[in-house]
Amino acid sequence: MHFDESQFKKDLIKAPWPCIDNFQDVNCALAAWTKIFLHGVVDKHAPCRTRIIRNKPSPWLNPSIKQLMFKRDWLKRKATKTGMPEDYTAYRTSRNLVKKEIRPAKKRFYQSGINDASGDQKATWKVLNDLLGKKSCATKINELKSDCGVTITNPEDIADYMNKHFAAISPNLASKIQVNEDNITPSEFLTKTDSSFKLKKVEASSMLKLLNGIKINKATGIDKISNRILKMAAPVIYKNLTDLFNLSITSGVFPSDWKIAKVSPLFKSGDLSNANNYRLISVLPTIA
């Protein structure tokens with residue numbers, strides 16, 4: 001399916017957007033907005049599909065180089081089939097041309113990546129690790145060992161054990177805190193102040209600026225709304241989102257759907273089967 005950006009924006013403009021001012025409950029307002037945006041327009045133009053990626057594509061390969069590679073491979077097949085010296089010469093010439101084009105393209109790609117990551121150590125190391133061929137930490141867990149030594153291999157049982165393990169960390173730490181015998185309350189450590197804090201309503205111009213500043217390569221939350229789609233739709237949806245944010249502020253309620261995160265275990269080091277050797281990363285919906 002080919003994504004037509006212009007038609008996508010036209011359908012967004014024509015969509016029957018709900019009037020947020022008519023809602024008292026921000027959760028109902030969000031449900032109505034999501035129904036129009038995600039299920040009414042996005043799913044029509046960019047439905048979720050499962051794809052198997054066997055080889056990681058090289059980002060520096062532009063259409064011109066790919067065409068040269070196609071010609072190189074064709075000449076190789078021809079030379080293998082005919083066995084003619086002139087065909088092998090043509091193949092070698094084409095092969096050398098491909099190498100000549102790839103080297104500067106690859107160099108420009110990584111130089112650009114390092115320049116863009118200037119001042120950001122995490123992003124810089126990501127570019128360098130990719131250049132050095134270092135793989136990122138695995139997030140797929142094939143087996144875990146429980147506290148009693150039982151090996152867990154079923155994916156659902158692994159997820160359940162991980163959930164119970166990390167959910168118990170805070171209560172376990174709290175149980176080790178010594179009870180204070182002097183009946184001192186936490187409030188006694190706080191300094192009173194006359195300063196106040198108040199949330200102000202969001203301006204539509206600020207909302208548009210934030211949407212336009214979204215980084216499209218960030219992970220998608222459990223709501224399945226990608227950053228690329230949000231940024232593309234910004235000129236149409238920013239006013240509705242402004243009203244949605246302001247309803248949340250005035251009602252004092254944060255939407256329940258925006259509290260749900262996609263949680264993944266990231267391996268740190270040590271034994272892969274030990275749950276203590278993982279840290280959790282939570283990806284919230286971008287709008288949240």
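Some observations on this one:
- GNM result for the chain, Cα springs below 10 Å: residue of K215, K44, K192 fluctuating most strongly: K192
- Against the chain, whose longest principal axis comes from its Cα atoms, helix 5-14 is set at around 30 degrees.
- In this label model, N27 and H165 are separated by 3.2 nm, measuring between points 7 Å along each Cα→Cβ vector.
- For L173, the accessible area of its heavy atoms, probed at 1.4 Å with every protein chain present, is near 110 square angstrom.
- Choice from L190, L266, L208 showing the highest fluctuation, given a GNM over the chain with Cα pairs closer than 10 Å: L190
- When Rg and the Kirkwood Rh are both derived from Cα coordinates, the Rg/Rh ratio for the chain amounts to 1.08.
- Summary of the geometry: the stretch 33-83 and the stretch 177-237, compared by the centres of their Cα atoms, lie 37 Å apart.
- Folded to 0 to 90 degrees: helix 85-116 orientation relative to the chain principal axis, Cα: 20
- Charged side chains reduced to their Cβ positions (Lys and Arg at +1, Asp and Glu at -1) give the chain a dipole of some 2320 debye around its Cα centre.
- Accessible solvent surface per residue of the chain, calculated while the other protein chains remain in place, 1.4 angstrom probe, Å²: 74
- Degrees between helix 227-251 axis and first principal axis of the chain (Cα, 0 to 90, nearest 10): 0
- Between S118 and D73, full extension at 0.36 nm per residue minus the direct alpha carbon distance yields a gain of 12.4 nm.
- Among 234-246, 272-284, 108-120, the order from most to least packed when residues are scored by Cβ within 10 Å on average: 234-246, 272-284, 108-120
- The order of the peptides 216-222, 2-8 by mean Cβ neighbours within 10 Å, most packed first, is 216-222, 2-8.
- With a Förster radius of 25 Å applied to the beta-carbon distance between D11 and S282, the computed FRET efficiency rounds to 0.20.
- FRET E, pair S251, D271, Förster distance 30 Å, beta-carbon r, rounded to 0.05: 0.05
- Positive-end residue of P235, N217, S196, charge dipole of the stretch 152-288 with Cβ unit charges: P235
- Size of the stretch 84-168 from its Cα atoms: along the principal axes, largest to smallest, the extents are 69, 45, 17 Å.
- Surface listing: W258, W74 arranged by accessible area from highest to lowest gives W74, W258, probe 1.4 Å.
- Förster-model FRET efficiency, 41 Å R0, S205 and E101, C-beta, rounded to 0.05: 0.35
The values are calculated or read from the model by the stated rules, or taken from the named source; none is laboratory data. As the structure is a prediction and not an experimental result, all values here were calculated from the model. Note that each Cβ is placed from the backbone with ideal geometry, even for glycine, and that neighbours are counted across all protein chains shown. Side chains are part of the model used for accessible areas, which takes the heavy atoms of the whole protein and leaves out ligands, DNA and RNA. Shrake-Rupley method; radii C 1.70, N 1.55, O 1.52, S 1.80 Å.
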